[in-house]
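Just so it is clear, none of the values below were taken in a lab; they were calculated from the coordinates. If you're wondering where the values come from, they're calculated on a predicted model, not measured in any experiment. With ideal geometry, Cβ positions are generated from the backbone for all residues, glycine too; neighbour counts draw on all protein chains shown.
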Amino acid sequence: MDFRLTEEQEFFQRTVADTVDRMIMPHVEHIDESDEFPMELWKEFTSLGYLGLRYPEELGGMAADTVTSMIFYEELSRASIGFAQSVIMNMLMGTHLVYRWGSDEIKERCLLPALRGEKIATVCFTEDQSGSDLAGTRTSAKKVDGGWVLNGTKNWITNGPLADFATVLATTDPSKGMKALNFFLVEKGTPGFSAGQVLHKLGCRGTVTGELVFEDVFVPDENLLGAEEGKGVVYLGEILNEIRCMTGAMGMGLARTAFDDGLDYARKRVAFGKTIGEFQLIRSKFAEMATEMEAARLLLYKAAWMIDQGEQPKLEAAMAKMFCVETCCKVVDEVTRIYGANGFAHEYGPQRYFRDARFLLYGGGTHEILKNFLGKEILGGKR
Amino acid sequence: MSGLYVICEARGEEFRPATYELLAVARAITAATDGEVTAVVAGPEVALKSKLEGLAHRVLALTAPELTPFSADSWVDALATAIEAGSPRAVLFGEGGRTREVMPRLAARLGAWALSNCVDLRVSGAAAAGAGSVEAGDSGATGGAADGAALEVSRPVYGGKAYVTNLVPADGLLLAAFRPHSFDAGMAPAGLTTAVEEVAAPVAASRVELVERREGGPRKADLTEAAVVVTGGRGMKGPENFGLLEDLAAALEGAVGYSRALVDAGLAEHAFQVGKSGKTVSPTLYIACGVSGAIHHIMGMDTAKVVVAINIDPTAPIFEYADYGVVGDVLQVLPALTEQVRAATS
Amino acid sequence: MRVVVLVKEVPDLEAAVKVTGDGSGLEVEKRRGLNFFDEIAVEAALKLKESHGAVTTAVGASAGAGVEAMRRAVAMGIETPLLVDDPALDGADSLTVARALAAAIALEPADLVIAGKQATDDEAGLVGPMVAEILGLPCATRAIGLEVEDGFVLVTREIDGGEEVVRLPLPALITAEKGLAEPRVPGMAGTMKAMKVQIERTDLATLGVQAHPVLPVAAYRTVGKRPPVKMIEGEPADAAAELVRLLRQEAKVL
């Protein structure tokens with residue numbers, strides 16, 4: 001048993017941390033305040049090549065293992081959760097199915113530019129009436145000669161209005177539920193494909209989230225991503241554990257930033273003639289936060305390690321996502337309290353962490369859904 | 001080995017204040033341990049040697065033509081010969097660009113110890129002499145040890161987070177560079193009978209060809225040397241307000257510095273930057289105006305004797321490193337302060 | 001053209017520094033990285049790699065550390081890392097370090113050696129010029145501009161009170177001041193290379209380096225923290241008047 005990162009992973013962590021500190025940190029407040037996608041920063045950061053992190057070297061990637069990917073997501077998420085969301089969308093959900101099932105031409109046209117940051121990718125699950133409940137997907141794909149015609153509206157699509165291509169979940173037969181779901185590649189410029197309303201969000205600002213509309217969008221047969229029709233959910237399942245861990249890693253990154261700020265503040269802020277860190281109730285907060293963050297990190301990296309061992313840690317990944325994010329929400333809450341009224345002021349970071357943390361509750365599975373799943377698995381004794 | 005050499009460096013027509021400070025501490029130490037103080041002047045400084053009358057037992061003037069204007073190659077050669085001939089136990093330099101060209105190379109050539117950034121020198125067992133020392137104490141109290149006693153030399157390390165005091169054995173040669181304002185030029189009596197010795201022995205020519213030299217105005221020269229430094233940070237907003245810094249600095253006969261935030265934003269020149277990636281200053285009075293006090297900055301000013309911080313944010317870290325703090329908008333406090341200083345000093 | 005960069009691994013600026021109880025030693029938190037000015041030196045070397053096809057090597061000297069700094073240099077684009085790793089370098093005198101580096105450089109002579117102006121831990125700025133002296137190279141400190149000519153380098157450098165332009169015959173050594181080059185942020189490919197790189201190591205005996213004795217330490221101490229800051233209240237004019245009074249009467253610096 002060895003809980004340490006390897007020396008190489010530690011070097012990777014420090015390098016990414018340093019890059020994030022130098023390149024992204026100076027912009028985080030502006031990204032939040034302007035709520036505009038930071039295109040210049042996107043170009044600068046993505047030119048470093050990290051978007052290919054988990055992909056093979058022949059695609060310009062690093063073939064990183066899951067633990068190393070988590071290190072990256074965690075460090076990236078210390079800065080701007082909004083920006084991290086956009087980056088990770090191109091690294092994982094927005095490109096995975098294209099990588100896995102796209103033809104050589106599709107990879108050349110979509111995947112490679114996306115891994116260089118020249119194209120923005122997204123994936124579309126959520127609709128107005130369905131999010132967690134994929135079987136409720138209404139966006140339809142109808143077989144026609146030589147391809148498929150898509151109709152429907154997707155919502156809550158990260159990078160959506162900016163996306164150069166989207167991997168779109170649609171049903172080929174609403175009566176068959178999960179067994180009729182497939183992913184289709186739709187590229188910008190395809191007739192009938194357009195961006196709808198942009199959402200105004202509480203947090204994760206700076207990433208553009210909104211509607212994508214499909215009106216009689218024709219895509220050729222090769223745009224159905226998968227070897228077999230009706231297996232969309234199965235293909236998604238291949239990276240579901242990774243997505244859950246990733247969301248947990250984002251929570252860890254955000255929690256660390258909040259924690260470090262809180263620590264700094266508690267060491268400096270003076271009340272009643274001593275620093276507030278000298279008061280027992282403030283110390284107690286740090287003891288609890290540090291303990292829970294340690295526990296969360298262990299869950300997260302254990303689940304990631306299991307993926308690297310070729311296992312399918314469905315329970316562990318769900319637990320890690322849930323516990324990391326709950327810990328993050330608790331830490332940002334406590335840090336706003338440590339800041340006192342300053343935790344409520346726009347001039348300080350905690351209010352932003354507090355807003356951003358909320359999004360992580362929903363992405364990667366709501367905790368209500370995850371608990372239901374976990375409880376069922378545990379009680380059902382299916383293991 | 002006995003006696004101390006002081007490398008006397010001038011700026012223009014006057015020796016640097018550090019020269020007088022180092023001669024004073026050297027007199028104090030030799031008074032306690034025997035041995036002589038040798039003031040070394042070379043090249044352009046030879047013309048100023050009369051200013052050293054009474055401040056050293058001996059003036060050693062190196063007059064070879066290669067030494068004017070200053071070039072490190074020739075100076076290293078000439079000083080190495082002089083030091084080998086005189087065999088002092090320590091050679092004292094004032095911290096500065098020229099010292100940093102010459103001293104390390106001399107150490108390599110002579111197999112000597114070299115230390116930069118020193119702030120105190122005393123005879124082992126004696127009380128601290130350095131005005132800039134952390135134990136800043138009774139200046140002039142150096143003494144009380146017998147000849148041949150070890151010297152103790154102190155300097156900050158890790159950006160001033162710790163100080164180290166080294167013990168220099170009596171039979172070793174130490175080359176040490178001291179920050180300005182480390183000693184009080186009046187800490188030991190002057191009035192010595194000063195012998196002057198000129199050495200014209202040929203020295204190596206410079207391998208470095210000087211193409212062009214652009215010397216700045218007096219303000220530029222003053223930053224590391226000044227007894228008072230007024231530094232502006234982000235709170236100054238922009239160059240339109242820098243006049244406020246210059247006014248205060250002028251009233252205090254000091255120099256103006258800028259924080260990294262302003263330099264990185266392209267609002268001020270790097271040559272005036274105080275901090276880790278800029279200049280290290282060690283003045284008697286340091287006034288930080290709208291400077292938050294990031295560790296990079298603290299590393300460049302923490303050995304200042306008295307620190308004043310003016311900042312609108314009462315939690316700014318700079319206050320932890322200050323003796324006096326004013327919470328307020330620096331753009332309002334500065335003109336008021338300049339006015340008060342003018343009234344008080346006129 | 002062969003360019004050697006001297007690199008030092010130093011504690012982070014934020015690293016905690018503690019004096020051990022009796023003042024006999026220092027404990028420095030193990031958060032380390034490549035020295036700020038060495039990063040600039042590395043970047044300057046990489047610029048020569050791009051413009052003049054220079055072959056670049058990073059050389060460091062350390063006792064059981066230094067790998068982090070070497071990896072960073074490789075991640076940025078340096079081809080060959082060489083580390084003098086010897087227990088005798090622990091707390092060694094600057095001259096020993098300079099001798100070790102000089103001997104390592106001499107293994108395969110360089111046209112240009114670039115060092116940082118100083119390291120951020122002791123800020124001494126000794127080793128670069130010492131190496132120049134040992135190798136007999138002409139030296140220019142605090143370079144803010146660098147151009148390679150045929151057999152020469154033209155260096156713009158900061159001097160006290162201004163700047164100057166000097167021409168040095170190659171081989172030569174320069175030290176890098178802030179402004180010489182803007183260090184690049186390593187990309188993923190470089191980082192990956194750095195993670196896998198084999199760092200060549202040697203030691204003092206192999207290099208035939210004689211250590212210079214260590215200057216004994218009498219004591220370490222933490223900074224005698226300034227007394228708590230005296231905050232001056234009131235409107236700007238009143239606060240300014242009170243400050244001037246204190247500076248005159250209490251601090252006696254006016």
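Before moving on, here are some points about what is shown:
- C:Gln198 paired with B:Glu84, simple spin-label distance in nm, labels 7 Å along Cα-to-beta-carbon: 4.5 nm
- Using only side-chain charges placed at the Cβ, +1 for Lys and Arg and -1 for Asp and Glu, the dipole size of the protein assembly as shown relative to its Cα centre rounds to 1660 debye.
- FRET efficiency for A:Glu229 and A:Arg138, using Cβ-Cβ distance with R0 set to 25 Å, rounded to 0.05: 0.85
- Residues within the reach of a label modelled at C:Met231 (point 7 angstrom out along Cα to beta-carbon, backbone nitrogen below 11 Å), restricted to the range A:239-273, are A:269-273.
- Cβ-placed point charges (K, R +1; D, E -1), dipole of the range B:10-52 about Cα centre in debye, nearest 20: 100 debye
- Helix C:94-106 vs. chain C, principal-axis angle (Cα, 0 to 90°, nearest 10): 20 degrees
- For the range C:178-254 versus the range A:244-289, the inter-centroid distance based on Cα atoms is 26 Å.
- By the helix-only formula, in which each DSSP H run with n ≥ 4 contributes -39500 (n - 2.57) and the sum is divided by residues, chain B has a 222 nm mean residue ellipticity of -7500 deg cm²/dmol.
- Projecting the Cα atoms of A:Ser69, A:Leu59, A:Ile106 onto the charge dipole of the range A:7-115 (Cβ charges, centred on the Cα centre) puts A:Ile106 farthest toward the positive pole.
- Overall form of the range B:19-59 per C-alpha gyration tensor (a/c, 1.5; a/b vs b/c): prolate
- In nm, spacing of pseudo-spin labels at A:Phe373 and B:Glu212 (7 Å Cα→C-beta vector): 6.7 nm
- Cα long-axis angle, helix A:350-360 against chain A (0 to 90 degrees, to the nearest 10): 30 degrees
- Relative contact order (%) - criterion: Cα under 8 Å, at least six apart; region: chain B: 16 percent
- Distance between the range C:127-168 and the range A:1-42 - C-alpha centres, whole angstrom: 36 Å
- Of the residues C:Leu215, B:Leu192, A:Val149, the one whose Cα sits farthest towards the positive end of the charge dipole of the protein assembly as shown is A:Val149 (charges of +1 on Lys and Arg Cβ, -1 on Asp and Glu Cβ, taken about the Cα centre).
- For A:Gly196, distant residues with modelled amide H under 5 Å away: A:Glu211, A:Leu212, A:Val213
- Label-to-label distance, nm, for residues given as A:Asp221 and A:Asp104 (7 Å Cα→Cβ offset): 1.9 nm
- Using C-alpha pairs below 8 Å separated by at least 6 residues, the relative contact order for chain A is 16 percent.
- For the range B:292-298, 3J(HN,Hα) per residue [Karplus equation, 6.51 cos²θ - 1.76 cosθ + 1.60, θ = phi - 60°, Hz, x = Gly/Pro]: 6, x, 4, 4, 4, 6, 4
- Here C:Val19, B:Val211 are placed in order of increasing Cβ neighbour count within 10 Å, fewest first, which gives B:Val211, C:Val19.
- Between 0 and 90°, nearest 10: helix B:72-86 axis offset from chain B longest Cα axis: 50 degrees
- Averaging Cα coordinates gives a centre for the range C:43-117 and one for the range B:24-44; these two points are 39 Å apart.
- Positive minus negative residues near C:Ala92 (Lys, Arg vs Asp, Glu; Cβ under 13 Å): -4
- The order of A:Asp2, B:Asp171, going from fewest to most other C-beta atoms within 10 Å of their C-beta, is A:Asp2, B:Asp171.
- Dipole of chain C, positive direction: furthest Cα of C:Ala98, C:Gln118, C:Pro228, with charges on the beta-carbon: C:Pro228
- The order of C:Val148, C:Val4, going from fewest to most other C-beta atoms within 10 Å of their C-beta, is C:Val148, C:Val4.
- Rounded to the nearest 500, the 222 nm mean residue ellipticity of chain A from helices alone is -15500 deg cm²/dmol, with -39,500 (n - 2.57) taken per DSSP H run of at least 4 residues.
- Amide H contacts of B:Ala42 (H built 1.01 Å from N, under 5 Å, at least 5 apart or other chain): B:Leu62
- Rounded, prolate or oblate (a/c below 1.5 giving rounded, otherwise prolate when a/b exceeds b/c) for the range A:265-310 by Cα gyration tensor: prolate
- Paramagnetic reach from A:Val270 (point 7 Å along Cα→Cβ, amide N under 14 Å) across the range C:227-243: C:227-233
- Gyration tensor verdict on the range A:233-380 (Cα atoms; rounded if a/c is under 1.5, prolate if a/b is larger than b/c, oblate otherwise): prolate
- Computed magnitude of the charge dipole of chain A (debye, nearest 20; Cβ of K, R +1, Cβ of D, E -1): 1120 debye
- Where trypsin sites (Lys or Arg not before Pro) fall in DSSP loop in the range A:1-88, at most 10 other Cβ within 10 Å: A:Arg4
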